[in-house]
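Reviewing the structure listed below.
The values are calculated or read from the model by the stated rules, or taken from the named source; none is laboratory data. Here the structure is a predicted model, which is why all the values come from computation and not from measurement. Neighbour counts are summed over all protein chains in view; Cβ atoms, including those assigned to glycine, are modelled from backbone coordinates with ideal geometry.
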Amino acid sequence: MDFLTIIQILDSTIRLATPLLLACLAGLYSERAGVFDIGLEGKMLAAAFLSAAVAYVSGSVWLGLLAGIGASVVLAMVHGLASITFRGNQLISGVAINFLAAGLTVLVAQSWFQQGGRTPSLMGGARFEPITLPFADALSGVPFLGPIYGDLISGHSVLVYLAFALVPTTWWVLFRTRFGLRLRAVGENPAAVDTAGVSVTRLRYAAVLICGVLCGIAGAYLATGLQAGFVKDMTAGRGFIALAALIFAKWRPWNSLWACLLFGLLQAVALRYQNLDLGGVVIPVQVMDVLPYILTVIFLAGFVGKAIPPRAGGEPYVKER
Amino acid sequence: MTVMQKFFGAAAALALTAGAAAAEPALIYDLGGKFDKSFNEAAHTGAEKWASETGQKYREIELQSEAQREQALRRFAEAGANPIVMAGFAFGSALEEVAGDYPDTKFAIIDMVTDKPNVRSVVFNEHEGSYLVGMLAAMKSASGTVGFVGGMDIPLIRKFACGYVQGAKAANPDAKVIQNMTGTTPAAWGDPVKGAELTKAQIAQGADVVYHAAGGTGVGVLQAAADEGILGIGVDSNQNYMHPGKVLTSMLKRVDNAVYDAFTAGPDMETGIQVMGIANGGIGYAMDDNNSALVTPEMKAAVDAAAAKIASGELVVHDYMSDNTCPVE
């Protein structure tokens, strides 16, 4: 394995980790506020479809991004309505959103474009193009650093940089602002927040709204950044891997970044080497595919530290009378 | 009461006309719909060709859900449609149930073998078409390395891969073929992101022509090929139009010919297994305005010569599914 191959695998890791990271951070806000969300997958899928559809019709990827975020936010609000206002079961609401998105996207795509549940391929301004960072070309001759900067760091779409910038932002919002403190408190002990005179409902809605926006960006990145169009079920379980990453990261922003990069790396290696040959022992590709889930199970079982979810997670808040 | 009588009268009249219109052929599309630019649309094209040539009518239905498969089959059979053609292997189990109940009706199923006396099972020699596009890929490749991206890792897709490798090696004995399967679950048919990443990984290893047999995942393969400035190869239907000038050719499964044949044969359709290969126009490769500049006359001549040899039986392409092995890597 030479240096160039490593760069290519890491490059692929970044592309594959970005949607995971966005979805993982989305789940982080929601779950830290005490609203479990297994509907990340569905929200990403709906966003992927609508962003591609609107980008195709309007020719503008930015309008597509807005539409994708809109679709995801609508579903997030449905989840909020069911689980916050009506105090329903958050897991069931999430499952319903996944089913709804899986069916609705194909149905609408079919009646809209009549291409078997696809959107037409996006061209030109309807896609997020890779950005070449300044000096990337000038530095390309420099050994070692040139490829790292030119191939690995430069040359991704704007949403990738946004996703990575969101990690410190999320850390700052959650751990250094009043809003973040209250948000975390709502997930741990909503009664205390309520006693302090802060609206639990409003805070949880805010968290679910942020979750919707981030899932929308993740979906739009899949359909208009990585790909040029929507295809049926194109999220392919990434929402669930993001959830696994969230647990693996113990609901912390920086850990989320490392977890998503690790899961992305596993995927990238699996894609590059169908059967990984480690000096006589051949690891089949299936092992790489299930490794994220296995790692999460091992983690949950308590072998490596402890994953403690927010204490009030999954429970609707009922004000005592 | 009179209303009811009228209603029954109308129903009876309707039943009579339905009976009189017997022996119309019928076509059932799979989920995905009539105009999917692929499999189902090819079936529709074949039916339309028959209709315009004979001036007769046919019945058709687009399925909306899995549950409708058996229902649609029974409804057409009850209405006297004959033969009933269904597009897609997914009808296998439903047909297994229904076929025995209507011994006088002929059924044709595409891409699946159903062993019933009144069923025609149409299967395609995908390995022969893959052989032809493999030749084109190896002749076009400047690096001598070509790629293959499969969908779900099943014997059928290995059959595509094996034919492709044989063709590439026939055109250039030193050709290197990088093979990747997207996954081992049905999700592998609809993950264009993974398809694109696989393609980029193959390009990094030197591939400059990539063939896909991966359904929706293939959309990502062709997209990545076009973005990175190499050539893709489409599958099943003519996908040259998806990225004009960036798709070398497409391996064609002439589903339209299969439907046309069945409709033309009518109620006297022969049953049993019908193999559609190069010899009977069931398999081919696509040439149109979008790729005419990419395929030189010499390349075309070489491929057409190979096709003629396969059709005459002089050249036998190994079928992976016959013994689950491939003689070449």
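Here are some notes:
- Screening region A:139-153 for residues that are loosely packed, with under 12 Cβ neighbours inside 10 Å and at pLDDT 75 or above and picking the one that is nearest to A:ASP2 (Cα to Cα) gives A:PHE144.
- Filtered by the rule that a residue be in contact with a Leu (Cβ under 7 Å, 6 or more places away or on another chain) and among the β-branched types (Val, Ile, Thr), region B:284-329 gives B:VAL295, B:VAL303.
- Search result, residues across region B:127-150 that are within 21 Å of B:ALA311 (Cβ to Cβ) and among the β-branched types (Val, Ile, Thr): B:VAL133
- A search for C-beta distances below 6 Å between a residue of region A:295-321 that is over 17 Å from A:ASP37 (Cβ atoms) and any residue that is at pLDDT below 80 and in a loop (DSSP other than H, G, I, E, B), counting only pairs 6+ apart in sequence or on different chains, returns A:PHE299/A:ALA307; A:LEU300/A:ALA307.
- Matching residues, region B:46-70, being more than 24 Å from B:GLY216 (Cβ to Cβ) and part of a helix (DSSP H, G or I): B:ALA47, B:GLU48, B:LYS49, B:TRP50, B:ALA51, B:SER52, B:GLU53, B:THR54, B:GLU70
- Among the candidates A:GLY239, A:GLY219, A:GLY197, residue that is part of a loop (DSSP other than H, G, I, E, B) and either surrounded by fewer than 23 Cβ atoms within 10 Å (Cβ to Cβ) or modelled with pLDDT of 90 or more (or both): A:GLY197
- On the stretch given as region B:90-123, residues that are among the aromatic types (Phe, Trp, Tyr) and surrounded by 22 or more Cβ atoms within 10 Å (Cβ to Cβ) total 2.
- Exactly one residue out of B:ASP304, B:ASP261 is among the acidic types (Asp, Glu) and crowded, with 23+ Cβ neighbours inside 10 Å: that is B:ASP261.
- Filtered residue count, region A:126-138, keeping only those that are surrounded by 13 or more Cβ atoms within 10 Å (Cβ to Cβ) and either in a helix (DSSP H, G or I) or β-branched (Val, Ile, Thr) (or both): 2
- Within region B:248-326, helices (runs of 4 or more DSSP H) holding 1 or more residues that are of a type in the set (Gly, Ala, Ser) and at pLDDT 90 or above: B:255-265, B:297-312
- Region A:293-313, subset buried (at least 16 other Cβ atoms within 10 Å of the Cβ) and at pLDDT 80 or above, residue nearest to the other protein chains (Cβ to nearest Cβ): A:LEU295
- Residue in region A:254-272 that is part of a helix (DSSP H, G or I), farther than 28 Å from A:ALA48 by Cα and within 14 Å of another protein chain (Cβ to nearest Cβ) present: no
- Any hit, region B:35-45, residues being assigned to a strand (DSSP E or B), modelled with pLDDT under 90 and touching a helix residue (DSSP H, G or I) at 6+ places or on another chain (Cβ under 9 Å): no
- Criterion: modelled with pLDDT of 90 or more, more than 14 Å from chain A (Cβ to nearest Cβ) and either farther than 22 Å from B:ALA286 by Cα or in contact with a Phe, Trp or Tyr (Cβ under 9 Å, 6 or more places away or on another chain) (or both) - qualifying residue of B:LEU132, B:LEU156, B:LEU198: B:LEU132
- Among the residues listed as B:ASP289, B:ASP304, B:ASP319, the single one being within 22 Å of B:ILE178 (Cα to Cα) and not basic (Lys, Arg): B:ASP319
- Residues located in region A:105-125, provided they are within 14 Å of another protein chain (Cβ to nearest Cβ) and not in a loop (DSSP other than H, G, I, E, B): A:THR105, A:VAL106, A:LEU107, A:VAL108, A:ALA109, A:GLN110, A:SER111, A:TRP112, A:PHE113, A:GLY124
- Region B:190-206, residues that are touching a strand residue (DSSP E or B) at 6+ places or on another chain (Cβ under 8 Å) and either assigned to a helix (DSSP H, G or I) or crowded, with 24+ Cβ neighbours inside 10 Å (or both): B:ASP191, B:LYS194, B:GLY195, B:LEU198, B:THR199, B:ALA201, B:GLN202, B:ILE203
- Residue within region B:15-24 that is buried (at least 22 other Cβ atoms within 10 Å of the Cβ) and modelled with pLDDT of 75 or more present: no
Here is a yes/no grid of residues against (1) among the hydrophobic types (A, V, I, L, M, F, W, C); (2) closer than 18 Å to A:ALA163 by Cβ; (3) within 14 Å of another protein chain (Cβ to nearest Cβ); (4) in a helix (DSSP H, G or I):
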position: A:GLY187; (1), (2), (3), (4): no, no, no, yes
position: A:LEU203; (1), (2), (3), (4): yes, no, no, yes
position: A:ALA207; (1), (2), (3), (4): yes, no, no, yes
position: A:LEU214; (1), (2), (3), (4): yes, yes, no, yes
position: A:ALA223; (1), (2), (3), (4): yes, yes, yes, yes
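- Summed over region B:210-238, the residues that are within 11 Å of another protein chain (Cβ to nearest Cβ), over 15 Å from B:LYS194 (Cβ atoms) and free of Cβ contacts under 8 Å to residues at least 60 places away in the same chain give a count of 2.
- No other residue among B:ALA226, B:ALA286 is of a type outside the set (Lys, Arg), within 30 Å of A:LEU152 (Cα to Cα) and in contact with a strand residue (DSSP E or B) (Cβ under 9 Å, 6 or more places away or on another chain) apart from B:ALA226.
- Residue under evaluation A:LEU246, criteria (1) modelled with pLDDT under 95; (2) within 14 Å of another protein chain (Cβ to nearest Cβ); (3) in a helix (DSSP H, G or I), criterion not met: (2)
- Region B:168-191, residues that are of a type in the set (Gly, Ala, Ser) and within 14 Å of chain A (Cβ to nearest Cβ): B:GLY183, B:ALA187, B:ALA188, B:GLY190
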